[in-house]
Amino acid sequence: MQLSHSMKSRHYLLAALLAVFSVSASADVATAQKLADKYAVMAKATDHAYTGPSAEDGKEFFNREVIQFKGDVNTPGKAIACASCHTANPADAGKHIVTGKQIKPLSPHANKKRFQSTREVEKNFTKHCNEVVGSDCSPQEKANYIAYLLTEKTPSKK
Ligand code: HEC
C-alpha cells in the first residue's frame, strides 16, 4: 500500500478500497488489473453481451480523435484524443496540450502510482472523458482503457 501525502483525506477511501479488493504490499500492476476487472463487472451488469476488457478496443478509444466544439456546433475547435496529452505510447510521459506541463506515464508498468486510487481514477476519467468525448466514459470504456494501458510496457527510445 502506498503511504504518501494526503493520507488523512484518503483514509476513508482506503477503508472503502480495502473492503472492495485487497491491496497488497506490491500493488501497482495487480491493482490496476483489479480495477479493470471491477469496471468489467459493472459493464456486464448493464450489457450482458460484454465479454470482458478488450485492450484492442481500449487502444482504439485512446487514439480516437474527437472534434471539440467551442460554444456552439458551428465553431469547431481542434480534434483531440486521449493520446493528445498522454501521447501515442502510454508508457511514455505525456504533455498537456494547453499548459505544456509534463504528465507522468499512464501505463501502470511505467508508473507504479497509476490506478491505485479508485477515487483519483474516477475523478480523472470523468474530467477527461467530458473534455474529450463530451460525457463520462462508460464502465466498458474504462475497463478497455485500463486493459490497453496494461499492454503498453515499454517507453519509446528517446
Ligand atoms: C488536455 C490534456 C489531457 C487529455 C486530452 C487527457 N488527459 Fe488524462 N490526464 C491529464 C492530466 C493532466 C492528468 C493528471 C496528471 C497526473 O496524474 O499525472 C491525467 C490523468 C489521467 C488519469 C489518471 C490515472 C490515475 O491513476 O489517477 C486517467 C484515468 C486519465 N487521465 C484518463 C484520460 C482519458 C480516458 C482521456 C481521453 C478520453 C484523457 N485522459 C485525456 C491530461 C489529459
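The values are calculated or read from the model by the stated rules, or taken from the named source; none is laboratory data. Keep in mind that this is a model prediction, so the values were computed, not measured. Heads up, the Cβs are rebuilt from the backbone with ideal geometry, glycines too, and the neighbour counts pull from every protein chain shown. Side chains are part of the model used for accessible areas, which takes the heavy atoms of the whole protein and leaves out ligands, DNA and RNA. Shrake-Rupley method; radii C 1.70, N 1.55, O 1.52, S 1.80 Å.
Computed quantities for the displayed model
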| read-out | value |
| --- | --- |
| Qualifying residue in the range 116-131 (condition: in a loop (DSSP other than H, G, I, E, B), more than 18 Å from Pro53 (Cβ to Cβ), open to solvent by 70 Å² or more (accessible area, probe 1.4 Å) and at pLDDT below 95) | no |
| Candidate set: the range 84-124, residues that are small (Gly, Ala, Ser) and near the ligand (Cβ under 8 Å from one of its atoms); chosen: the one nearest to Val66 (Cα to Cα) | Ser84 |
| Qualifying positions in the range 46-62 - touching a residue at least 24 places away in the same chain (Cβ under 8 Å) and either exposed (fewer than 14 other Cβ atoms within 10 Å of the Cβ) or part of a strand (DSSP E or B) (or both) | Thr46, Asp47, Glu56 |
| Residues that are open to solvent by less than 40 Å² (accessible area, probe 1.4 Å) and within 9 Å of the ligand (Cβ to nearest atom), drawn from the range 132-147 | Val132, Cys137, Lys142, Tyr145, Ile146 |
| Out of Ile103, Ile97, sole residue that is modelled with pLDDT of 95 or more and more than 11 Å from the chain's Cα centre (by Cα) | Ile103 |
| Count - residues of the range 78-128 that are more than 19 Å from Glu152 (Cβ to Cβ), in contact (Cβ under 8 Å) with a residue 60 or more places away in the chain and of a type in the set (D, E, K, R) | 1 |
